[in-house]
1. Taking the Cβ of each residue in C132, C266 as the centre, tally the other Cβ atoms inside 10 Å and list the residues starting with the fewest.
2. Within 10 Å, count the other beta carbons around each residue, average over each peptide in 119-127, 209-217, 193-201, and list them highest first.
3. In percent, what relative contact order does region 182-273 have, based on Cα pairs under 8 Å that are 6 or more apart in sequence?
4. Sorted from fewest to most neighbouring beta carbons within 10 Å, what does the list V140, V263, V133, V271 look like?
5. Cut-off is 10 Å between beta-carbons; in what order do I251, I220 appear when sorted fewest neighbours first?
6. Assign one of three labels to region 166-207, namely rounded, prolate or oblate, based on the Cα gyration tensor with a ≥ b ≥ c the square roots of its eigenvalues; rounded applies when a/c is under 1.5, prolate when it is not and a/b is larger than b/c, and oblate otherwise.
7. Can you work out the Karplus-derived ³J(HN,Hα) for every residue in region 198-204? Use 6.51 cos²θ - 1.76 cosθ + 1.60 with θ = phi - 60°, whole Hz, and x for glycine or proline.
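Nothing in this text is a laboratory measurement; each read-out follows from the coordinates by a stated rule. What you are looking at is a predicted structure, and each value in this text was computed from that prediction instead of being measured. Reconstructed Cβ throughout: ideal geometry from the backbone, glycine too, with neighbour counts over all protein chains shown.
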Amino acid sequence: MGTFALPLKRLAKFVAAFALLALSMTTDSLAHVLDDTARGAPSFGWSAEPWVVALMAASLAAYVVGHARLLRRGARRIESARLRRAHLLAFVAGWTALALAFFSPLDALGSALFSAHMVQHETMMLVAAPLCVMGRPLGVWIWALPHRARLRVGQWIRARAFVRFWHMLTMPVTAWVLHAAALWAWHAPALFEAALMHPWVHTLQHASFLLTALLFWWSITGEGARRQTDGHAMLSLFTTMVHTGALGALITLAPQLWYPLYVEPCSALGVDPLHDQQLGGLIMWVPATVAYLAGALAIAARWLMRSDAPVLTARHAVIVRRDGVR
């Protein structure tokens, strides 16, 4: 336990400092807008909503507390401690990627450049979401609760109605459909420009992307992967690669602007809005395709390695029966 105590204390101090710093900022300095400097050139800064900062800080603090309690329970098992450390590192990396997507200048730049907006979305869905899922946060967060609250939550999640609902929500097909629907619907010009004009619509857009991506990756790399074969996981990744690549190609090859609201901010930055749209489409098309393909190949390699074991076992069983060895 001593090996992890110091890093956990440092991480807890970082969470507290991050929350205090972000919550101390004024609403004006955190606005998700394009500000003009005295010289007339657009400037971009760190931006955040206080309630988002509070949720992010609470999620990390709860994970650290839950992880420490689980570590104390399984301190005698070296393998368990190493596995939980890997989960902690994955979650912190995913949390950091999510914080950069939400709070860094990339968030404000997304209001002026479609390509920056695509980088933000891909960071959420292809970097933060899978890493957070690999951290197994649900089980860790429960252990951050007091003993009585933990028992009550345990009883609630074991209720038949909740089990059925959760099973239906996290089925691979359901996760795939929800994620695909969110991607295609929110990139429709009407909804995308509504998100640019209205902060609450923008929040709903990001929440849809993040939650459906978490469900999708939960069915691939999380606890939900236990319910399906590696073949199903490969199929989910491959088909997602195809339809997201198709959407990216449509945006890239479109002869006209899909999102005219970017004309004015792009012009202020001296960027051609159509070229910016094409770059954003390429970001969705090429890097996302590579990421999904890499995931599918990793699953395929794992599947092939596992498929050798039953064959060897069956051959061994035949030899044992033939030789009469017990």
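1. Least crowded to most crowded, the residues run C266, C132.
2. 209-217, 119-127, 193-201
3. 25
4. Going from least to most buried by this count: V263, V271, V140, V133.
5. I251, I220
6. Here region 166-207 falls in the oblate category.
7. 10, x, 5, 5, 4, 4, 5
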